[in-house]
1. Every residue in region 6-49 that is over 26 Å from Ala325 (Cα atoms) and not small (Gly, Ala, Ser), please.
2. Here is a check on your reading of the model: is Gly257 small (Gly, Ala, Ser), within 16 Å of the ligand (Cβ to nearest atom) and either out of contact with any Leu (no Cβ under 9 Å at 6 or more places or on another chain) or modelled with pLDDT under 95 (or both)?
3. Collect the residues in region 298-318 that are touching an Asp or Glu at 6+ places or on another chain (Cβ under 9 Å) and aliphatic (A, V, I, L, M), keeping them in residue-number order.
4. If I filter region 155-162 for residues that are part of a loop (DSSP other than H, G, I, E, B) and closer than 20 Å to Asn4 by Cβ, do I get at least one hit?
5. Counting only residues that are more than 8 Å from the ligand (Cβ to nearest atom) and assigned to a loop (DSSP other than H, G, I, E, B), which one in region 317-331 is nearest to Glu231 (Cα to Cα)?
6. Identify all residues within region 395-424 that are farther than 13 Å from Trp183 by Cβ, among the small types (Gly, Ala, Ser) and under 20 Å from the mean Cα position of the chain (by Cα); write none if there are none.
7. Being more than 25 Å from the chain's Cα centre (by Cα) and not in a loop (DSSP other than H, G, I, E, B) is the requirement here; does Leu59 meet it?
8. Of Leu59, Leu111, Leu70, which residue is without any contact (Cβ under 8 Å) to a residue 40 or more places away in the chain and more than 26 Å from Gly260 (Cβ to Cβ)?
Amino acid sequence: MNDNLHQLRCFGCGARISGAEAQPDFRCVQCGDLFEVEYPGWGERGGHDRPNPGALRWLWRDRRCSSDALDHSGVWRFRELLPILENFDNAVTLFEGNTPLYQLKRAAKALGIEQLFAKHQGMNPTGSFKDTGMTAAMSVAKERGFEWVACASTGNTSAAMAAYAARAGLKCLVLIPEGKIAWGKLSQAMDYGAVTCQLKADFDGCLRLLTQIVKEEPIYLLNSVNPYRLEGQKTPAFEIAEAFDWSVPDHLIVPGGNLGNSSALGKGFREMHELGLVTRMPKISVIQAAGANPLVRSFKEHQAAALEPVEAHTRATAIRIGNPASWRKAARAIQESGGWCLDVTEAEIAIAKAELGAEGLGCEPASAVTLAGLKKLCVDGKIASSETVVLVLTGHTLKDADYTIDFHRGTLLSEEETAGQETKIAGLRRDAVAVEATSAAVLAALKGRVG
Ligand code: F0G
């Protein structure tokens, strides 16, 4: 059985190559840009390889009751839209995807929006959205016979890669910026058996170095420059459309770091639209931290035609990236869908994260930029109250417990950062209190009267 219907197309010059011809750094030899997976057979209407929307909707729903292991994966359940393997039996899965879509009633009320949801990608096996991409690209690595895989990471990619490599029986190398990733993520890479190198460099420096290394040794690069990662990461778009009974939400809000995720979700919605599974795309907006906002600047200063790297600083370490690899793809997703690109401050991120927490939905700081960004879009009048909005929460709250504890203890932000937001922050903080081990003391604490 040949499940492989894909080729690679250069995003810059349009050159087409087969998957096997890709360079180790996944850059085009002609123009240096990145590749996208494309499926030539989909173009011909009525053609043999063009998927039939009605049949797919039925098949994908049917698979929810199937006992086949592959059907339990929220990525491979949609495998007709990612035919990237010679044989789907080579798929390496931890039963990723099928993540919950939660309604956010309190935040919606506060913002005057009727329909607000959070697609929680932190509810994946290793606690972040990276699992959906990793199952796809790791399967390709295994099928092509690689022994070693590697990534540079702000933490989540390395956690996901290490887990999937362990499942596949492959060895893996992780390059991370020393002291700049959350402990939860580092602990995962260690536990799943990665060779973890902490470098005196930022994420961008780690990726630059790794790009060099993979040209010297037969190591398969698993950063999101690898186009197969994005094939997996596009599948939450299918889940969202399915959850809305194939009428897409008006607006999707995504955090932006290396910009693979926004690119992938854009591709997912675009392909569904082209195949007739949905009738339009949602507006896709990308939110960055103000201290790590190269794409925001690119839109402001160059209409997204050029990007100047910045030195990145933010406590949302997952998106502490100054030179995002997939910026052109993300810019296209924003532009073609009519979305926006904006940034939010450290205090806005911390407040939004605490508000999501208070609604029972913990997430990473990097995920909370979505709610912070939504608030700005509402203030700017860019979202109508009747519109349906989906926030993509990318990581689990336990990934970075230090951030949460620091916020609630009041040690996270500087005075300068909190200026003007003190009351808001005070209302959200829930510090743990030391209480005597007596019922009277506990009950007193319950009434807000400690001691
Ligand atoms: N949210 C979280 C929790 C992340 O870990 C990342 C990226 C992003 C958002 C941004 O996604 O890069 O596709 O724009 N983390 C990468 C990593 C860079 O190495 O784990 P992006």
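1. Across region 6-49, the qualifying residues are Trp42, Glu44, Arg45, His48, Asp49.
2. Details: small (Gly, Ala, Ser): yes; within 16 Å of the ligand (Cβ to nearest atom): yes; either out of contact with any Leu (no Cβ under 9 Å at 6 or more places or on another chain) or modelled with pLDDT under 95 (or both): yes.
Yes, satisfied.
3. Ala312, Ala316, Ala318 - these are the residues of region 298-318 that are touching an Asp or Glu at 6+ places or on another chain (Cβ under 9 Å) and aliphatic (A, V, I, L, M).
4. Applying the first criterion (part of a loop (DSSP other than H, G, I, E, B)) to region 155-162 yields 155.
Subset that is closer than 20 Å to Asn4 by Cβ: none.
Looking for residues that are part of a loop (DSSP other than H, G, I, E, B) and closer than 20 Å to Asn4 by Cβ, one finds none in region 155-162, hence no.
5. At the first step, the residues of region 317-331 found to be more than 8 Å from the ligand (Cβ to nearest atom) are 317, 320, 322-323, 325, 327-329, 331.
Checking the rest, the ones that are also assigned to a loop (DSSP other than H, G, I, E, B) come to 320, 322-323, 325.
Values: Arg320: 24, Gly322: 24, Asn323: 22, Ala325: 16 Å.
Selected residue: Ala325.
6. The answer is Gly395, and nothing else.
7. Working: more than 25 Å from the chain's Cα centre (by Cα): yes; not in a loop (DSSP other than H, G, I, E, B): yes.
Criteria met by Leu59.
8. Values: Leu111 fails: without any contact (Cβ under 8 Å) to a residue 40 or more places away in the chain; Leu70 fails: more than 26 Å from Gly260 (Cβ to Cβ).
Just a single option satisfies the conditions, and that option is Leu59.
The values are calculated or read from the model by the stated rules, or taken from the named source; none is laboratory data. Being a predicted model, the structure only gives us computed values, none of them experimental. Cβ atoms come from the backbone with ideal geometry, glycine included; neighbour counts cover every protein chain shown.
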